[in-house]
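Asker: One structure, pasted below without further comment.
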Amino acid sequence: MLNRLALKIGLLFFVFIVIIESVLFLTLYVTFVNERVDEVMTNLLARGNTHSEVLEDSFEPETLSHVALMESASDFIVIITDADGNELTHSDSIEPEMSEVLEHTDFGEIPKEGKIVEEKWEEKDFIAADSPITIAGEHRGHVFMFAETDHIKQMVKHLRNQFLAVCLIAIGLTVVTVFLLSRLITLPLIRMKKATEQLSEGNNEVRLNIDRNDELGELANAITTLSNDLDRLKNARNEFLASVSHELRTPLTYIKGYADIASRLDTSDDEKREYITIIREETTHLTELIRHLFELAQMDHNQFTIKKENFSVEMLFITVVALVRPAFDEKQISLSVRCEQGIVAFIDPERFQQVLLNVLDNARKHSPVGTQVTLQGIQDQETITVNISDEGEGIPKEDVPFVFDRLYRVDKSRSRQHGGNGLGLAIAKEIVESHGGRITLRSELGKGTTVRIELKRGESLAESTVG
């Protein structure tokens, strides 16, 4: 395919350049030929005018003979006639074409100046000029100058050969140039074609080192970026599948194991109740994991419904705090809430409540007893900012860029009771971004973590929804 493309590009360039060169060379050729022919004719007429001026000063037999003798030694032929066309003298034998020129001359007309009377050098053997002889205002005769056209034809042939040689050289250079240009254009395309074929075969380690600052270079960089993204997505998919498999396998193993133990005849009632409680907890965890996975799948397929409305952030905080306060009190963690009056956000309250619940639950799980978690809402002229800060263990710097990835855990060995399933922050990020907002995380080991959510302001409510 690309070979055909190279051929098409080469032919296109070749035809285009050859057309331009042909027009250019043809124009130059015609111009040069016309200039040289005009030069010969001008010279011929000038010689005739010079002779007529001499004869106007001395129209004597000796002068006539002198003019004829002088031209007999040149490449020109002169015929001098009187006013009626009678031949007075000539320098060489008179050819039939010369006689035709004399016969077609209107001697009854008195010319005022010399002129070219035969200029068809391509068809005739001679070109001719007629210069009048005028003495004291009286027309006394004509000086006819003839020049063989063989000289002009040889000159034109020489020019034609020169131009033909130049044209052949130019065409040869054009072919080489077009070949190099087409290769210069198509070689990167061939490399990119092979790279895309490797991508389609599953080889994502494709690197195109094409150092060009044009569209082809941009395309090569885009393919390299695509390769990197596909490689990253492939690794992320494999990690995701492995994590999901692990997350599903663990509770199922617990459920099956404890169900088998509880079904034994020698198991006491107290032990059965304990095992059933564990099975219920694992079932709850499994249900929550599947729900989160389903929500992420909906987001990936743009099936996650967002119903935005202008909603009081203070009211949202009150609702969320009421839901999470018992869990914070149970772990003896203080929950501080600060929100400016009258903050209104254009959000889906139910979805955004899920965001705050996920982030607050994450902060609670990673905060030790006796610390404080702060939920803060502030606004400026265009933006609403929600900050959730804790005084927990913090996150290593190298892990911060990945905390919003699906199923990512900072401590890979952390139990599910402390670490969740690794989907909460990923879901929160998807929901915030679907609102056109931005969620970021800043953390320092041993000092705590702050999650920052930025949203556009909504329209002010006519009445406060907070009692």
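Asker: For helix 269-300, what angle does its Cα long axis make with the longest principal axis of the chain, in degrees from 0 to 90 and rounded to 10?
Answerer: 20 degrees
Asker: On to the next question. Of the peptides 107-115, 342-350, 139-147, 392-400, how do they stack up when ordered by the mean number of other Cβ atoms within 10 Å, highest first?
Answerer: Details: 107-115: 13.0, 342-350: 19.2, 139-147: 23.3, 392-400: 15.2.
Order by mean packing, descending: 139-147, 342-350, 392-400, 107-115.
Asker: Same structure, new question: Calculated from the structure, P(r) over Cα pairs in 10 Å bins from 0, in percent equals which of (i) 3, 13, 13, 11, 8, 7, 6, 5, 5, 6, 7, 7, 5, 2, 1, 0; (ii) 3, 12, 16, 20, 18, 12, 9, 7, 2, 0; (iii) 4, 20, 30, 27, 15, 4, 1, 0?
Answerer: (i)
Asker: To continue, here is another question. Fewest to most neighbouring Cβ within 10 Å: what's the order for Lys365, Lys234?
Answerer: On the way: Lys365 17, Lys234 12.
Sorted ascending by nearby Cβ count, the order is Lys234, Lys365.
Asker: Give me the distance in nm between label points sitting 7 Å out from Cα along the Cα-to-Cβ direction at Phe107 and Lys124, one decimal.
Answerer: Those two pseudo-labels are separated by 1.8 nm.
Asker: Right, something else. So how tilted is helix 313-330 from the main axis of the chain? Cα-based, degrees 0 to 90, rounded to 10.
Answerer: Once rounded, the angle reads 50 degrees.
Asker: Hey, another quick one. Quick one: net charge of Arg364's neighbours, Cβ under 11 Å, K/R +1, D/E -1?
Answerer: On the way: positive: Arg325, Lys331, Lys365; negative: Asp329, Glu330, Asp361, Asp390.
For residues surrounding Arg364, the net value is -1.
Asker: What is the fewest-to-most order of Phe317, Phe32 by other Cβ atoms lying within 10 Å of their Cβ? Walk me through the intermediate numbers first.
Answerer: On the way: Phe317 21, Phe32 16.
Placing the least packed residue first, the sequence is Phe32, Phe317.
Asker: Determine the sum of side-chain charges near Ala129: Lys and Arg each +1, Asp and Glu each -1, restricted to other residues whose C-beta is under 12 angstrom from that of Ala129. Don't jump to the answer; show the numbers that get you there.
Answerer: Working: positive: Arg47, Lys115; negative: Glu113, Glu118, Glu119, Asp130.
That works out to -2.
Asker: Could you give the angle, 0 to 90 degrees to the nearest 10, between helix 2-57's Cα long axis and the longest principal axis of the Cα atoms of the chain?
Answerer: Result, in degrees: 20.
Asker: Apply 1/(1 + (r/R0)^6) to the Cβ-Cβ distance of Arg232 and Gln162, taking R0 = 41 Å, and write down the FRET efficiency to the nearest 0.05. The partial results should precede the final answer.
Answerer: Values: r = 64 Å, r/R0 = 1.57.
The pair Arg232/Gln162 has a calculated efficiency of 0.05.
Asker: Further question on the same structure: What list do you get for Lys447, Lys124 if you sort them by fewest beta carbons within 10 Å? Write down the numbers at each step before the final one.
Answerer: Details: Lys447 12, Lys124 15.
In order of increasing Cβ crowding within 10 Å: Lys447, Lys124.
Asker: Turning to a different aspect of this structure: Mind pulling up the Rg/Rh value for segment 2-154? Radius of gyration and Kirkwood radius, both on Cα. Write out the running numbers ahead of the final one.
Answerer: Details: Rg = 22.9 Å, Rh = 17.8 Å.
Dividing the radius of gyration by the Kirkwood radius yields 1.29.
Values quoted throughout were computed directly from the atomic coordinates according to the rules given, and no laboratory measurement underlies them. Here the structure is a predicted model, which is why all the values come from computation and not from measurement. Cβ atoms come from the backbone with ideal geometry, glycine included; neighbour counts cover every protein chain shown.
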